[in-house]
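Worksheet: the structure to be examined is printed underneath.
The values are calculated or read from the model by the stated rules, or taken from the named source; none is laboratory data. Just so you know, these numbers come straight off a predicted model, no measurement behind them. No Cβ is skipped: glycine too gets one built from the backbone with ideal geometry, and neighbour counts run over all protein chains shown. Surface accessibility is based on the protein's heavy atoms, side chains included, excluding ligands, DNA and RNA. Shrake-Rupley method; radii C 1.70, N 1.55, O 1.52, S 1.80 Å.
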Amino acid sequence: MDIVFIIIGLVLLVAGGDWLLRAAVGMSLRLHIPRMVIGMTVVSFATSAPELIVSIKSALDGFPDIALGNVVGSNIANLGLVLGLTVILSSITVQKNFYKLDWPSMMLASLVLFGFIYFDGTIQRWEGGVLFGLLVLFIVIMFRNKGNAEVPDEVSDMEGHVPGGWKIFFFLLIGGGALWGGSELLIRGAVGMAQLYGVSERVIAVTVVSVGTSIPELAASVMAVLRKEKAISLGNLIGSNVFNILAVLGITGMITPIQAKDERLISNDIYWMLGYAVLVFLLVLVPKRMRLGWPEGIVLLGLYIAFVYVTL
């Protein structure tokens, strides 16, 4: 039943995130909010909703390792699994904004998180406030650089057919309900599996739960490649990582302190997250400057498989 709970929970999280995204974008377009603003704020928050709900719910339920492991594992999965598979299927050209804003923001957020949890293993409420404050600063800087920013496909696709008011309300209602119900089942199944197989909640969080909450990014990336649509932006995945740390852990930390019970979250997992951030930067610069192809994808995916093997 634990596996069934996890599968149903993941399905509800993916569906709920998609419904919430449609509602948020539709509402923003009906209010005539500029599409660039929608892309940089509404879409980013909506696509981070599964991680946010799972982290808040698990922290409040007394499973902080799931809250923290979910974010750390999702950031590793975004760069190792999602980006790795994407560039294996089709090479992508990296925008200049990568080393001007995207990568420095992700690296700064990762280092701040590392500094907060390394010494006492806890994200205190004030530290959550600092993370959220950095999120606000990040959004302000994005607005100042919006001339170089890209508009996510979700905004462009919906501009021609904005849903009516009742559809927006319906998507919002069922999306929120699906996210909450999905998080409930996913956490119950994850904790049950950890107890059944005698592994820690952290192991389940950085593997099963993190991959599950990264499914929307993976599905969108692969489908875009298969449909031969415009190349997936590395900036979008890095932006997701920034929001995971600053928004998800920031908001969760402000609600309740997050304490890492399993020390391997600090002694192992977060180093993998930092290592992937440095590796992506190096792969973008060499061997083919500002371009990622199948060789780089094999490196990223191979290391992710190694991470999962070491974790399990």
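Some points to look at:
- Length released on extending from T93 to L173, taking residue separation times 0.36 nm less the Cα-Cα span: 25.0 nm
- Per residue, segment 265-312 exposes 50 Å² of solvent-accessible protein surface, assessed with a 1.4 angstrom probe and all protein chains in place.
- Accessible surface of Y99 - all protein chains present, 1.4 Å probe, nearest 10 Å²: 90
- R291 long-range amide H proximity, modeled H, under 5 Å: V94
- At the residue level, I53 shows approximately 40 square angstrom of accessible surface with a 1.4 angstrom probe and all protein chains present.
- Sorting L186, L12, L274 by accessible area puts them as L12, L274, L186; the probe is 1.4 Å, largest comes first, and only protein heavy atoms count.
- Protein-only accessible surface order, largest first, of I258, I7 at 1.4 Å: I7, I258
- Residue-wise HN-Hα couplings along segment 108-113, as the Karplus relation 6.51 cos²θ - 1.76 cosθ + 1.60 with θ = phi - 60° gives them from phi, are 5, 4, 5, 5, 5, 4 Hz; Gly and Pro carry x.
- Loop sites in segment 39-136: trypsin sites (Lys or Arg not before Pro), DSSP, at most 13 other Cβ within 10 Å: K96
- Cα-projected label distance for I255 with I298, points at 7 Å along beta-carbon direction, nm: 4.4
- In order through segment 208-213: 3J(HN,Hα) via Karplus (6.51 cos²θ - 1.76 cosθ + 1.60), integer Hz, x for Gly, Pro: 5, 5, 5, 5, x, 6
- More than 17 angstrom apart: percent of Cα pairs within segment 261-312: 42
- In the complete set of protein chains, residue-level accessible area for M1 is approximately 150 Å², probe 1.4 angstrom.
- Solvent-accessible surface ranking, highest first, for I305, I92 at 1.4 angstrom: I305, I92
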